[in-house]
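Working notes for the structure below.
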Amino acid sequence: MENEDDSRATTYTTLASGPDFRHELEVRRSRFITVLRRSPDEETARSLVADLRREFHDARHHCSAFVIGPDRMIQRSSDDGEPSGTAGIPMLEALLKRESTPGVTDLSDVSVVVVRYFGGILLGAGGLVRAYSESVSAAMDLAPLVERRRLRLCAINVLHEEAGRLENELRSSGYVMAGTGYGPRHTTLQVALADDEEAISEARSRLASLTAGSAELEPLGTQWVDEPR
């Protein structure tokens, strides 16, 4: 379980957990190999660049960009020898402008490297911008994505003989049960709630109704979880 999170965002979109996602595009004989990696921190993002420099050691450019954090506070890009502003920034903008749903741009915890093998034909500044941007966009069109949601975990202590009934009532009401613990006299039920005050208040009222006010929600902290899109 993670500690309390100070970010304002309670949901965002990211890559599904798994191996790096790859996609290749050819533009006027130049090869653009795009590699996406889920990156919860800068170290993971920078390791992608290092890994691909070793793998594609004979490539002329390894341009990169990444955006990290629920609020997308960490943003970096590199042209890696391409004319200034023609690679890294267009790649970063392709990540930042990616719509998970119409009008919603919330992609984060993603790093991308575009490895370019020069094909002998100059693309010009405009051509490079389009090529790098399209390389990232085309990869994102195919990459597996998930919604990352921050949930608030709470504990409910009830007598053993009441636990089964209460758990069934909570499940029937649509609440997500996150675990069960047992003590000498009490059973501890854990419930995962949306991390907003309205959801917490509603759960408190529902619990009071189900237990005649004998049980309370005890906050345990927050946890980010992946949910299929």
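The values are calculated or read from the model by the stated rules, or taken from the named source; none is laboratory data. All values derive from a computational prediction rather than experimental measurement. Here the Cβ is made from the backbone with ideal geometry for all residues, glycine too, and neighbour counts use every protein chain on show. Heads up: the accessible areas ignore ligands, DNA and RNA and are worked out on the full protein's heavy atoms, side chains in. Shrake-Rupley method; radii C 1.70, N 1.55, O 1.52, S 1.80 Å.
Find, among the GluC sites (Glu not before Pro) in the range 1-106, those assigned to loop by DSSP (not H, G, I, E, B) with at most 10 other beta-carbon atoms within 10 angstrom. Let's see the in-between values first.
Working: sites: E2, E4, E24, E26, E42, E43, E55, E93, E99; in loops: E4, E99.
Passing sites in the range 1-106 are E4.
Suppose only helical runs count, i.e. DSSP H with n ≥ 4. What mean residue ellipticity at 222 nm does that imply for the chain under -39500 (n - 2.57) per run, divided by all residues and rounded to the nearest 500 deg cm²/dmol? Don't skip to the end; give the middle numbers.
Numbers: 5 runs with 70 residues, N = 229.
It comes out at -10000 deg cm²/dmol, rounded to the nearest 500.
Counting only protein heavy atoms and using a 1.4 Å probe, what share of the accessible area of the chain belongs to carbon plus sulfur, as a whole percent? Let's see the in-between values first.
On the way: 5620 of 11850 Å².
Carbon-and-sulfur percentage of accessible area, whole number: 47.
Rounded to the nearest 0.05, what FRET efficiency is calculated for I74 and S17 with R0 set to 22 Å and r the Cβ-Cβ distance? Show your work: numbers first, answer last.
Working: r = 20 Å, r/R0 = 0.90.
So the FRET efficiency works out to roughly 0.65.
Where in the range 2-96 are there trypsin sites (Lys or Arg not before Pro) that are in a DSSP coil and have at most 11 other Cβ atoms within 10 angstrom of their Cβ?
R8, R28, R29
Work out the FRET efficiency for V104 and R206 from their Cβ-Cβ distance, taking R0 = 22 Å, and round it to the nearest 0.05. Let's see the in-between values first.
Numbers: r = 29 Å, r/R0 = 1.34.
Between V104 and R206 the formula returns 0.15.
Within the range 211-225, list the residues whose amide N lies under 15 Å from a label point set 7 Å along Cα→Cβ of S172.
211-212
Placing +1 at every Lys and Arg Cβ and -1 at every Asp and Glu Cβ, with all other atoms neutral, what dipole size does the range 1-159 have around its Cα centre, in debye to the nearest 20? Intermediate values should be presented prior to the final figure.
Details: 21 positive and 24 negative charges, 72 e Å.
Once rounded to the nearest 20, the dipole reads 340 debye.
When only DSSP loop residues count, what trypsin sites (Lys or Arg not before Pro) in the range 83-168 have their Cβ near at most 14 other Cβ atoms within 10 Å? Walk me through the numbers on the way to the answer.
Values: sites: K97, R98, R116, R130, R148, R149, R150, R152, R165; in loops: K97, R98.
When the trypsin sites (Lys or Arg not before Pro) of the range 83-168 are filtered for loop state and at most 14 Cβ neighbours within 10 Å, K97 remain.
Only one of the values [x] 20.1; [y] 19.2; [z] 17.8 was calculated from this structure for Kirkwood radius over Cα pairs in Å; name its label.
Of the labelled values, this structure produces [x].
May I ask you to give the solvent-accessible area per residue for the chain, in square angstrom, as obtained with a 1.4 angstrom probe? Intermediate results must be reported in sequence, preceding the final value.
Working: 11850 Å² over 229 residues.
Each residue of the chain exposes 52 Å² on average to a 1.4 Å probe.
May I ask for the distance between the Cα centers of the range 15-31 and the range 77-139, given as a whole number of Å?
12 Å
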